[in-house]
1. Taking 8 Å as the Cα distance limit and 6 or more residues as the minimum spacing, I'd like the relative contact order of region 224-270 as a percentage.
2. By per-residue mean of other Cβ atoms within 10 Å, what is the highest-first order of 311-317, 242-248?
3. Given the whole protein assembly as supplied and a 1.4 Å probe, what does the accessible area of H294 come to in Å², nearest 10?
4. Can you list, largest first and rounded to whole Å, the semi-axes you get for region 275-351 by taking the square root of 5 times each eigenvalue of its Cα gyration tensor?
5. For a quick protection proxy, order the peptides 279-292, 183-196, 206-219, 259-272 by their average other-Cβ count within 10 Å, most packed first.
6. Whole Å is fine, so just give me how far the alpha carbon centre of region 242-281 lies from that of region 219-236.
7. Starting from the Kirkwood Rh over alpha-carbon pairs, what translational D in µm² s⁻¹ does region 199-249 have by Stokes-Einstein at 25 °C and 0.890 mPa s?
8. Applying a 10 Å radius around every beta-carbon, put 131-144, 48-61 in order of their mean neighbour count, most first.
Amino acid sequence: MIRIFRIRLARAFFHVVMLVCIIGACASPELMMQLDFFADESASTLQWPPPPQKPRILYLGSIKDPTDTERKESWFKKVISSVFGSERDMYTMLRPYGVYADTDRVYVADPGSGRLHVYDRSRKSYFAFERWGEEDLISPIGIAVDENGNMFISDSVLKQVLVFDREGKYLRAIGPPDMFKRPAGIALNDAGLYVVDTHGHKVLVLSQTDGKLLFSFGRQGTEHGNFNYPTNVFVSSEKLIYVTDSMNFRVQVFNPDGSFLTSFGKPGDGSGNLSKPKGIAVDSEGHIYVVDSHFDNVQIFDRDGNLLLVFGGPGNGKGEFTLPAGIYIDKLDRIYIADSYNRRIQIFQYVKEEKEKVAK
């Protein structure tokens, strides 16, 4: 009798589980965010350099959890969460690396969870995806988005660059499967798609439409124009190409056609030196931001490679980092930094220097 009861109980639990799974599968993957992740700039009190100097960098806020942390779960949902994991656990960033932002959205490539997270500011919503066709993403690391909202994602383990539409539907792969040794940072401009191949020690430039290789530049070495395990790339508003040449401890700058322009940086543990440079970005005034995962900070240089300002430092508080990686600066000079081991994106604002009024 007891054995029959246990069998019936097991069958009943199985049916409940199947029902939950079916409901979950039919539910929309989009979650509504209860709070905007941009703070009011005027309310920010964290700045660099510190007062009484005029601020150049303001802390705005961070993105970490797409769900409302104050929302209470029902007892039934708590039971299901204990078995399958909570909704929050499913979508929390684990090790964000690449970041991109446009007017409405922030996109985060997360190799820790094997997902691409999309945070929509205008709709106050969120969704994530982890599959391309019938296969899983493994290590999405680079992200770029074109004017139509199509997402270009580099996966360093799959050795592929994959394209998805605005809603996360898989469209196609860029280039043949054996084109890359380990793709990392990617960026777009009118010339094409720039893909840093870390283990290939070069940058490949491909057509956005058919994936055809247009040209490449660089090879392993220390000479100008060559690389030693490059990692990230950024295209400035002037269409110059900035590449983090990580194991040469420098930043190299190129024309859109791949011809070398200049470089700066040297190894060391002092201000202005580079130890483990990762993300790179450029603001509207041409200042160059270099994320260093060893120093847990961001160093800002002028066009000639002179150090202007440092912000951040080790820790998990506001404006602090633990192994930061990617960086992106949007058209409004908002700065998005993947604070990898704090599992968040921190957002800052570059404050332009006021121009002195000239008397007429």
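1. Values: 89 pairs, mean separation 14.2, N = 47.
Relative contact order here is 30 percent.
2. Numbers: 311-317: 14.7, 242-248: 24.1.
Result, highest mean first: 242-248, 311-317.
3. Roll a 1.4 Å probe over it and H294 shows about 110 Å².
4. Each semi-axis is the square root of five times an eigenvalue, giving 19, 14, 10 Å.
5. On the way: 279-292: 21.1, 183-196: 22.9, 206-219: 15.4, 259-272: 13.2.
Highest to lowest by the protection proxy: 183-196, 279-292, 206-219, 259-272.
6. 8 Å
7. Working: Rh = 11.7 Å.
Approximately 209 µm²/s, per Stokes-Einstein.
8. Numbers: 131-144: 19.4, 48-61: 15.3.
Descending mean neighbour count gives 131-144, 48-61.
The values are calculated or read from the model by the stated rules, or taken from the named source; none is laboratory data. Bear in mind the structure is a predicted one, so any value in this text is a computation, not a measurement. Cβ sites come from the backbone with ideal geometry, for glycine too, and all protein chains shown count toward neighbours. What goes into the accessible areas is simple: the full protein's heavy atoms, side chains included, and nothing from ligands, DNA or RNA. Shrake-Rupley method; radii C 1.70, N 1.55, O 1.52, S 1.80 Å.
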